[in-house]
Amino acid sequence: LTPAQEDVFHSWYNNEHICLHGSAGTGKTFLGLYLALNEVLQMNQNKIIIVRSAVTTREVGFLPGTLEEKTAQYEVPYQDIVADLVGKYSSYADMKEAHIIEFMTTSFIRGLTWDNAVILVDEGENMTFHEINSIMTRWGKNSRIIFAGDILQTDLDGRKHGVSGMADALKVLDNMDDFACVEFTKDDIVRSDFVRDWI
C-alpha cells in the first residue's frame, strides 16, 4: 500500500533477513507475519517462531495460571492477523497445535537453536540489548529473521525493565550484509486516517 511496504517485499526476496522499524500503524507486524506464513506455505521453512518481550504498558499485578495462560494476552495481535490472512479465527490455534507456529517470550529462549524457521521478533523496542542479543544468537541452519519495532513506542522505563536496546541493535543490523532495514514514517500509516492524524 505504500513505497516502504513495497520495499519490504523487495528486501525480503533479495536478502536473508529484514528489519522493519518506524511509525505505528504502518503494517510492520502484519507484513512480517504475512511473509513468514508465505515461507511456510511454500515449504521453504518448517515453522514460524514469534518472539516478544513480556513487558506491559502498565502494571496489572500478578497474573494467575500456567505460563501459556500468562502469555496468551501477548498473542492476540497474531491471532487477529492470521485470522485476517487465512479467513478463519481458529487458524492461529490450529497452527500452534500443529507446531507450525510457536510463540515465546524472551524469558525462556536461552539454550535454544532455531533451525528451518522464520523468526518474527516483534515489539523490538521493548527489549533490552541483552534480550535482543539472546534472540540473535539462537538462530541456526536455514532460518530467516524478521525484526520489527518502533523505538518511539517503548514501554521500558529505564529502571525496573531496563533500557531499550533497539537503537543499538539498529546500528548493528545496518552494518550486517545479510540484513536489509526498511524504515517506516508517518506517511506509511495504513491503519487509519485517525492514527495518521494522531501521529
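The figures follow:
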| item | result |
| --- | --- |
| 29 Å Cα-Cα threshold exceeded, pairs from Lys141/Lys171; Lys88/Lys171; Lys141/Lys186; Lys96/Lys186; Lys28/Lys96; Lys96/Lys171 | Lys88/Lys171; Lys141/Lys186; Lys96/Lys186; Lys96/Lys171 |
| For the stretch 124-182 and the stretch 3-25, distance of Cα centres in Å | 15 |
| 5 angstrom amide H check on Asp150, placed H, neighbours 5+ away | Gly22, Gly124, Glu125 |
| Charge dipole of the chain about the Cα centre (unit charges at C-beta), most positive-ward option of Asn133, Asn38, Tyr89 | Asn133 |
| Size of charge dipole - the stretch 95-199 - debye, nearest 20, with Cβ of Lys, Arg +1 and Asp, Glu -1, no other charges | 400 |
| Assigned charges on the beta-carbon of Lys, Arg, Asp, Glu; the chain dipole about Cα centre (debye) | 460 |
| Per-residue [θ]222 nm for the chain (sum of -39500 (n - 2.57) over DSSP H runs n ≥ 4, rounded to 500) | -11500 deg cm²/dmol |
| Accessible area per residue in Å² at 1.4 Å probe, computed on the chain | 54 |
| Rounded if a/c under 1.5, otherwise prolate or oblate - the stretch 2-58, Cα gyration tensor axes | oblate |
| Rounded to the nearest 20 debye, dipole of the stretch 151-199 from Cβ charges on Lys, Arg, Asp, Glu | 300 |
| Rg and Dmax [Cα atoms of the stretch 63-163; Å; Rg one decimal, Dmax integer] | 14.6, 42 |
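The values are calculated or read from the model by the stated rules, or taken from the named source; none is laboratory data. Keep in mind it's a predicted model, so treat the numbers as computed, not measured. No Cβ is skipped: glycine too gets one built from the backbone with ideal geometry, and neighbour counts run over all protein chains shown. These accessible areas exclude ligands, DNA and RNA; they are computed on the full protein's heavy atoms, side chains included. Shrake-Rupley method; radii C 1.70, N 1.55, O 1.52, S 1.80 Å.
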